[in-house]
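Peer 1: First the structure, which I've put down as structure tokens, then a few questions once you've had a look.
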Amino acid sequence: MNSNWQTKKINESGIGGDAGEIFIAARNIRGNGKIMADGGDGVVGGNGGKITLISDNNQFTGGVSVKGGQSILLNKDMEGPLKKDLLLEIAEIKQIMLDVSTGIERIQNVNERYVELFNKIDEFCLNNGIKNPNPYSDLWEFHAYWSKNLPHYTDRRVCVTGIYKNFNKINRMPFFANDLVKDGYVNVNRLEEIKKIKSEDYDLSKLTKICEEINFCYQNECYLAVIVLLRSLLNHVPPIFSFSTFDGVCGGYGKKSFKDIVLKLNESSRKIADSYLHDPIRRKETLPNKTQVNFSQELDYLLSEIISLLN
């Protein structure tokens, strides 16, 4: 027995499924893999299963696991009510999509509730720099897709499950109490202002994407990525100020107050980024934390100036 054996299932509605039972009877059992009968992760974690080994000569040296599934509601990093409400809303919207696409419910009866749930989840995604995995803002849009592309109920169930299958990453998404971080490293209102700009001279899609990824990385504690993305942003925007480098922006654009703020942004963030990008491995490393990489106020001032220039 050299491979891993596992039984694990996850309920389509987002509730972790209970694990099954693994029963192995053989004259000789040997190997060093892992036998797993763990409950599924979900809004409520499923129960662990059962493993039974019967052998005259048991030389199995691997591991066994019958853990219960992880309950996403109990993650300590996010306040319970907020996280519970969101995950229950995801479970509910999935169930509505399953019901209407498999003939259990009529669109007319549940579309209003669906739109309400969609908007709540979409707002959460926007505020946290996440792309909403569900492209259907109402059930009629979803109906147009499934009626043309998914003729069988099984296909529709797979589609709905697939839409939200990676959204359990919310389990690792911390809750932030202060408004600055709750709004994102890049303030979400400022980000929306940038998205609304219609510039004939500059394509702002890359700037927007960098800002969204900074928010996502900061809120998921990927601080090395934050400082590197910030450096990338500073390298990206100088042409908007009619300079080729950000050093040029710091020395030649605007009044003293602007120069002082962006100079701090430039010098401090670049030095921190360079230390993590170029320093070779050491016997003992010190990793960045959210305080060290937080130049959100200086960045907001820079972005506000970009908006003023391009509007």
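Residues are listed down the side, and each one gets a yes or a no for (1) surrounded by 14 or more Cβ atoms within 10 Å (Cβ to Cβ); (2) at pLDDT 95 or above:
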site: F216; (1), (2): yes, no
site: L230; (1), (2): yes, yes
site: R270; (1), (2): yes, no
site: P280; (1), (2): no, no
site: K290; (1), (2): yes, no
site: F295; (1), (2): yes, no
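Peer 1: Could you say whether any residue in the stretch 278-286 is within 23 Å of V186 (Cα to Cα) and in a helix (DSSP H, G or I)?
Peer 2: No, every residue in the stretch 278-286 fails to be within 23 Å of V186 (Cα to Cα) and in a helix (DSSP H, G or I).
Peer 1: Being of a type in the set (S, T, N, Q), surrounded by 17 or more Cβ atoms within 10 Å (Cβ to Cβ), in a helix (DSSP H, G or I) and assigned by TED's automatic domain parsing to the domain that holds V186: is that true of N266 here? If you could, list the steps in order and put the result at the bottom.
Peer 2: Details: of a type in the set (S, T, N, Q): yes; surrounded by 17 or more Cβ atoms within 10 Å (Cβ to Cβ): yes; in a helix (DSSP H, G or I): yes; assigned by TED's automatic domain parsing to the domain that holds V186: yes.
When the stated conditions are applied, N266 passes them.
Peer 1: Then there's this: Hey, can you tell me all the residues within the stretch 188-214 that are surrounded by fewer than 18 Cβ atoms within 10 Å (Cβ to Cβ) and outside any helix (DSSP H, G or I)?
Peer 2: I197, K198, S199, E200, D201, Y202, D203
Peer 1: May I pose another question? Give the number of residues within the stretch 239-254 that are surrounded by 15 or more Cβ atoms within 10 Å (Cβ to Cβ) and either in contact with a Gly (Cβ under 6 Å, 6 or more places away or on another chain) or not in a helix (DSSP H, G or I) (or both).
Peer 2: Here is the first cut: in the stretch 239-254, the residues surrounded by 15 or more Cβ atoms within 10 Å (Cβ to Cβ) are 240-241, 243, 246-247, 249-250, 253.
Applying the additional criterion that residues be either in contact with a Gly (Cβ under 6 Å, 6 or more places away or on another chain) or not in a helix (DSSP H, G or I) (or both) yields 243, 253.
Count: 2.
Peer 1: Does N128 satisfy the criteria of being modelled with pLDDT under 90, touching a helix residue (DSSP H, G or I) at 6+ places or on another chain (Cβ under 6 Å), polar (S, T, N, Q) and not assigned by TED's automatic domain parsing to the domain that holds L191?
Peer 2: yes
Peer 1: Which members of the stretch 245-260 meet the condition of being aliphatic (A, V, I, L, M) and under 31 Å from the mean Cα position of the chain (by Cα)?
Peer 2: Answer for the stretch 245-260, where residues must be aliphatic (A, V, I, L, M) and under 31 Å from the mean Cα position of the chain (by Cα): there is none.
The values are calculated or read from the model by the stated rules, or taken from the named source; none is laboratory data. Since the model is a prediction, treat every value here as computed from it, not as a measurement. With ideal geometry, Cβ positions are generated from the backbone for all residues, glycine too; neighbour counts draw on all protein chains shown.
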